[in-house]
Every structure is written in C-alpha cells, then in structure tokens.
Amino acid sequence: MVTELAEVRATPTLYIYTFTRENSLKKMAIVNTGLTLKDLPTPPEGRTGWPWTEQTEPLPDKMPDSSEWPRISIVTPSYNQGQFIEETIRSVLLQGYSNLEYIIIDGGSTDNSVEIINKYEQYLSYWISEPDGGQSNALNKGFHRATGNLVGWQNSDDYYLPKAFLYAAQALAIFDEADVFYGNANYIDASGNIIFTAQISQFDFKNMIPWQCILNQSTFFTRQIFQNGNFIDETKEHIMDYEFFWRLALANYKFKFIPEIVANFRQHSQAKGATQTEIAEQEFFQMYKFLYTEASLESDVKEKLLFCMRDCCLNDFAKLRLSIFRQRVKEVAAIKGFNYLCPILIIKYFISLIGAKNIFLLKSVRNKILYFDQNGKLF
C-alpha cells in the first residue's frame, strides 16, 4: 500500500490520501484543529442546544505541559439510525479537540444515514457503508483502523457531552498506569430527555454483576489494548461490551473512573436492547456460567453469579420458555448439584413437565382464587 501526505488545506483538517489495493482513492482526515459550529453544516431546523447550536470551545494547540494532545480515535458502528446519527457525529466533531480521528462503519443502511454521513465526510478519517456481520463486526473493522492513543466507541444513536475528550486526554496524561478510562452516563429517550442517570461506580467484580458498572458510551481504551490483540467477540450479538470489559478485567488491565467524562445512552423502541431481549438473556446466562469457572474470582462473586443464573431460569419459566428453562436448570445443577437449587426452582422444574397449556390453565385457576372478595364472590 502506497501513501502520500497532502498539504494542509484551508479547513482545519490534515488530509492523508491512501491508495488501496483496488487503486481507488480514499480520503483520510485527521482533524488537527478544534472545530466550531461555523465549520460544520447548518443543523436541521428546530434543533437547538448541544450539539446543534452549542459547541465546546477549541482547546489550546498544546497541553499545559507543552506536549501534543494525544490522538483520540472514535469508532461509530451504524445501521439505519438516520434519525439519531447526526447528533452522534456532531457530538464528536464539536469537542473542540485538535487531534481527532473519526471512523464510521455503516452496515449498508437503507435510510438516510449515508446521506447524513456524507455531509460530514471531510472531517472523517474513514467511513464505509456495506453489508457486514453486525455491530461487533463493524466495531472490529473500526478498531483495526484506529491509530489513536485513546480509542472510543460511540454508537450511532448515542452521543458525548461537552469536554469528554478533554477529560479523557487529561486522564491519560495523569494516570499512566490505567488502560481503560470510563465516566458517567445518562439514559435518555428518543427525544433526548433524561430518563435517569446510570449508577456508574469504581470498577469492582461484584459491581459487574448482573450488569456492567461501565458503559461503552463514556469509555476510552488505550491503543495498547488493541495492539495486544483484544477485539470484540463477534459471536456476541448483544452483550459484546459486557464480555469485552470482563475479558479485559480478567487479563488484569486497569480501569480508572473519571466522573467528568459523560455521555448519553439512548433507549428507544428500535434499539437492540428493546428488540433482542431473548438473545441478550441467553448471552447473559452463558456469560455468568463461563465466569463461574474463573478460578481468580472470589467466592462471594461466584455466589452472585449463581444467583443470577437461577434468576435467568425463573424468568424463562415466567415467560413459558419451558424447554430453555429445563435446560438451564440442568446447567445450574451441573455446577453445584441438584440439591443446591432453591426449592422454588425445583418445584417449577417439575411443573414445567406438564406443558405450557396446562401451566396456563393452572395460572388461570390460581388468579380466580386470589381475586375472591370478602363475600366469596369473584371480582
């Protein structure tokens, strides 16, 4: 592969032209001066506030110690999130950061995502829109291309809040023993209204059960992690972030909580978390089961993992996924023995053998009994 460096243009972007094996010309951009609102396209009508009509003031050319700002690479996997992706893009570009590499991997969107990405193309280091193997595959494509000292992962329906990059860069300079820097996050709805603030905490194995105490939306990884061959497990459709954090922690990478780094995590009807709950539940159960075999984990952590596995089983029974329920009960029993199972789980196991139709009838009878009033009449 042959590369040549072009001159710095009038816009605050350094362009690198790379000839691919197919001899096609791709434009690679490293943003080397903090961008402002005047550099970006006009926001859609009616959009105000961050990151539409507000910006982060550009950072000084150098860090306080006169050193260069570390390069920050951001990878955004994208697929049919046209109603949200422009907010994501602008939240990256308007950080006022002067050594930025932005990579967007789109999975062949059929909505207006590509049109929006094209609007900001001159500030992107690399982007592509083609069918891929899903979110995990898209992330790995981006991580393999990233050259930053810090690498962030921001989904196409989520976005950073102001100064996130400044605080990440400062943390890298101060805490040189850390490998992962993570901050706070807000859960927001489709319109951007805050639903609640995530309970982010100092990293602890127990705090990673049943869900992570870290969110990828406000996390930055050192480049060394990827240089060491750590990438997203592409067999995971939903908990790829959870598995990745655990894998890094078990490999003794160091996590540092930086509360000032903040991002917004959007929950909406088309999000994967809302449409793939059964897949997520299956992946979580298998993850708990795998972690239980880890010799380095303390007994109280393993006890919590067992509790979560039992809880998964009860959830399957409640949803009448009876064959899955029985299989998971057997898997839990194989770990500690059938006698270790809680009594309610054993009872439900034998009830499950009568089939979903009969269980439904039993529930109907139970409900009628429960709703007798004081005079013995049904409501």
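The values are calculated or read from the model by the stated rules, or taken from the named source; none is laboratory data. Source: prediction; values computed, not measured. In this analysis, Cβ positions are derived from the backbone assuming ideal geometry, glycine residues included, and neighbour counts consider all displayed protein chains.
Applying the condition of being modelled with pLDDT under 95 and of a type in the set (A, V, I, L, M) to the stretch 25-58 and asking which residue is farthest from the chain's Cα centre (by Cα) yields L25. Which residue is nearest to T33 (Cα to Cα), if the candidates are limited to the stretch 102-111 and must be of a type outside the set (V, I, T) and surrounded by 14 or more Cβ atoms within 10 Å (Cβ to Cβ)? It comes out as Y102. Which ones in the stretch 191-213 are within 28 Å of E87 (Cα to Cα), over 17 Å from the mean Cα position of the chain (by Cα) and surrounded by 14 or more Cβ atoms within 10 Å (Cβ to Cβ)? Correct list: G192 only.
Of all the listed residues (V180, V151), the sole one being crowded, with 22+ Cβ neighbours inside 10 Å and touching a residue at least 24 places away in the same chain (Cβ under 8 Å) is V151.
Just to check your reading of the model, which residue among P77, P41 is touching a residue at least 24 places away in the same chain (Cβ under 8 Å), out of contact with any His (no Cβ under 7 Å at 6 or more places or on another chain), of a type outside the set (G, A, S) and surrounded by 15 or more Cβ atoms within 10 Å (Cβ to Cβ)?
Details: P41 fails: surrounded by 15 or more Cβ atoms within 10 Å (Cβ to Cβ).
Being touching a residue at least 24 places away in the same chain (Cβ under 8 Å), out of contact with any His (no Cβ under 7 Å at 6 or more places or on another chain), of a type outside the set (G, A, S) and surrounded by 15 or more Cβ atoms within 10 Å (Cβ to Cβ) holds for just one of P77, P41, which is P77.
Being under 24 Å from D179 (Cα atoms) and either in a helix (DSSP H, G or I) or outside the structural domain of G49 (by TED's automatic domain parsing) (or both) is the filter here, so list the residues in the stretch 94-138 that pass it. The answer is Q135, S136, N137, A138.
Residues being part of a loop (DSSP other than H, G, I, E, B) and surrounded by 20 or more Cβ atoms within 10 Å (Cβ to Cβ): count how many of those fall in the stretch 214-249. Break it down into steps so the answer makes sense when it comes.
Taking the stretch 214-249 as the starting set, the residues that turn out to be part of a loop (DSSP other than H, G, I, E, B) are 214-215, 228-239.
Then drop every residue that is not surrounded by 20 or more Cβ atoms within 10 Å (Cβ to Cβ), which leaves 214-215, 232, 236, 238-239.
Qualifying residue count, the stretch 214-249: 6.
If I go through the stretch 29-77 residue by residue, how many of them are among the polar types (S, T, N, Q) and on the phi > 0 side of the Ramachandran plot? Break it down stepwise before answering.
Filtering the stretch 29-77 down to residues among the polar types (S, T, N, Q) leaves 32-33, 36, 42, 48, 53, 55-56, 66-67, 73, 76.
Filter once more, so that each one left must be on the phi > 0 side of the Ramachandran plot: 66.
Selection size over the stretch 29-77: 1.
Apart from one condition, A171 fits all of (1) surrounded by 15 or more Cβ atoms within 10 Å (Cβ to Cβ); (2) over 26 Å from N149 (Cβ atoms); the exception is (2).
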